[in-house]
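What follows is a single structure, written as structure tokens, with notes after it.
The values are calculated or read from the model by the stated rules, or taken from the named source; none is laboratory data. As the structure is a prediction and not an experimental result, all values here were calculated from the model. Backbone-built Cβ (ideal geometry, glycine too); neighbour counts: all protein chains shown.
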Amino acid sequence: MVLLVDGHPYHYEMENLCRVFLPYDEIKTIFEATEALPESETTVYTGIQQKDGQIVITVRLYMGGRLLQDSKSFPESILQMDKEAERLMAVMLFELFAEHCGYRPQWGILTGVRPIKLLRRLCEQMGREEAIQHFESGFLVTPDKTKLSVVTMDNEQKILCRSKPESYSLYISIPFCPTRCAYCSFVSQSVDKAIRLMPEYVSLLCKELEHTAKVAHELGLKLESVYIGGGTPTTLSPEQLRVLLSTLCTHFPVSSCREFTVEAGRPDTVTPERMQVLKEFGVTRISINPQTMNDEILERIGRRHNTAETLSAFELSRKMGFDNINMDLIVGLPGDTVEGYRNTLEQVLHLNPESVTVHTLALKRSSRLNQSEREGFDPDAAAAAQMLDDTAKNLFATGYEPYYLYRQSRMVGNLENTGWAKPGCYSDYNVYIMDETHTILACGAGAVSKVKDPYSDTLKRIFNFKFPYEYVSRHEEMIARKEQVKELYELFRK
């Protein structure tokens with residue numbers, strides 16, 4: 001499709017809004033002062049003209065041989081209001097798409113990753129009741145998603161209030177998995193291809209951890225949470241896990257932080273030996289992630305485990321004393337149905353995990369599912385929405401609470417990912433990383449440190465090398481980047 005941008009700087013948001021309705025189309029954006037719409041393909045025109053103290057916002061949509069358009073005048077003063085002209089243009093374009101396509105995405109014109117952060121900011125600016133009303137009417141968010149957002153915002157606050165100016169969290173990346181899932185776009189490698197790299201990777205990761213601990217200590221920072229993710233950290237052997245966790249616990253005050261999570265995401269990596277190492281070093285929370293309890297779908301998406309192994313891994317973890325277990329599910333997987341997902345959800349709730357994180361399938365550009373396996377797979381947005389509705393109904397009814405929420409590009413139905421947990425079982429790290437509340441120091445391939453000014457909204461990112469082989473071959477360069485953390489805090493404290 002073609003997007004014509006005329007007389008305004010809002011092309012990024014207009015592109016994102018077009019993707020809400022046409023998530024799999026390539027968008028060609030043209031910056032020309034023309035209102036002509038070529039009639040050979042889907043075309044969107046968005047324009048602003050100023051005249052006599054007024055601005056005129058015009059949007060046109062040519063799609064499927066049909067032309068829809070709208071034009072409205074507003075006081076020129078709205079250009080001085082933060083993003084108000086952009087919002088009005090987005091509302092007008094949304095309505096044209098909704099009329100043509102015959103459906104209204106539940107998150108309205110919102111396309112950002114963090115809708116809860118937006119709602120919180122609106123509450124600070126307008127007051128709670130007016131903000132909630134504006135979230136629904138001004139951004140066209142449905143009542144159900146608005147309610148979910150309000151409850152999530154209130155539950156997030158229970159965690160956010162614990163963060164202090166000296167707080168930080170630690171993320172450790174293990175970018176290896178038993179197999180690469182069809183939907184995955186993360187920088188992770190299958191063990192079959194990377195096994196020879198893993199010992200050196202662990203050794204260098206330990207060196208980065210030692211240096212990072214020194215930086216945090218010199219700055220007087222206080223560790224709040226530790227999260228080891230990936231990838232699948234439990235692809236490491238028990239011996240490699242022991243080396244990693246020993247280094248971590250030697251150099252960081254892990255025993256005094258509130259949360260220590262390790263993703264044991266693939267059930268086929270959960271063994272007594274690995275779980276014993278995690279217990280020995282004080283891990284307080286683990287994830288066992290089935291994604292679905294349908295074996296045919298598991299095989300289709302490239303997982304090596306089956307439902308029986310998920311049940312076995314969960315039972316083993318309970319027997320070994322883990323009393324805070326998360327389970328991840330995905331709605332919208334190829335081949336899944338509303339009834340099939342209900343069966344998955346029922347089986348998971350029967351296990352009674354402390355938290356359940358429910359993701360909506362996102363068709364990332366670099367994933368195998370998007371690049372080579374799209375034929376025969378037509379994502380069903382209505383089915384995915386029903387799955388999420390069933391999730392909310394059942395989890396609310398069984399005592400779970402939504403405590404963090406985020407969104408990604410190219411999600412089926414432009415929906416959301418939500419973390420649900422029993423009271424007292426929220427993951428602090430998940431809230432901190434999504435709200436960008438305090439500094440996250442990150443180690444390992446693909447990790448991104450987020451250095452947060454505790455006295456403003458300023459946040460700076462420091463990137464590690466993406467791929468494990470780069471991490472190994474250019475390790476000294478990356479270690480040197482951690483010195484930027486000290487430089488940034490010196491600026492923040494002036």
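A few notes on this one:
- Candidate set from region 251-267 (those that are modelled with pLDDT under 95 and surrounded by fewer than 19 Cβ atoms within 10 Å (Cβ to Cβ)); member that is nearest to R162 (Cα to Cα): S256
- Meets criteria (modelled with pLDDT of 95 or more, part of a helix (DSSP H, G or I), of a type in the set (A, V, I, L, M) and buried (at least 18 other Cβ atoms within 10 Å of the Cβ)) for A98: no
- Positions within region 46-66 being surrounded by fewer than 15 Cβ atoms within 10 Å (Cβ to Cβ) and at pLDDT below 95, in sequence order: Q50, K51, D52, G53, Q54, G64, G65, R66
- Of everything in region 203-212 that is without any contact (Cβ under 8 Å) to a residue 60 or more places away in the chain and touching a Ser or Thr at 6+ places or on another chain (Cβ under 9 Å), the residue that is nearest to T250 (Cα to Cα) is E210.
- Of the residues making up region 48-90, those that are within 22 Å of G112 (Cα to Cα), among the aliphatic types (A, V, I, L, M) and touching a residue at least 40 places away in the same chain (Cβ under 8 Å) are A85, M89, A90.
- Only listed residue being among the basic types (K, R), over 22 Å from F260 (Cα atoms) and buried (at least 16 other Cβ atoms within 10 Å of the Cβ), chosen from R407, R461, R474: R407
- Total residues in region 275-291, condition among the charged types (D, E, K, R) and surrounded by fewer than 22 Cβ atoms within 10 Å (Cβ to Cβ): 2
- Helices (runs of 4 or more DSSP H) wholly inside region 401-494 that include at least 1 residues being of a type in the set (G, A, S) and closer than 30 Å to T146 by Cβ: none
- Exactly one residue out of L96, L79, L119 is under 21 Å from D389 (Cβ atoms) and either among the basic types (K, R) or not assigned by TED's automatic domain parsing to the domain that holds L415 (or both), and it is L119.
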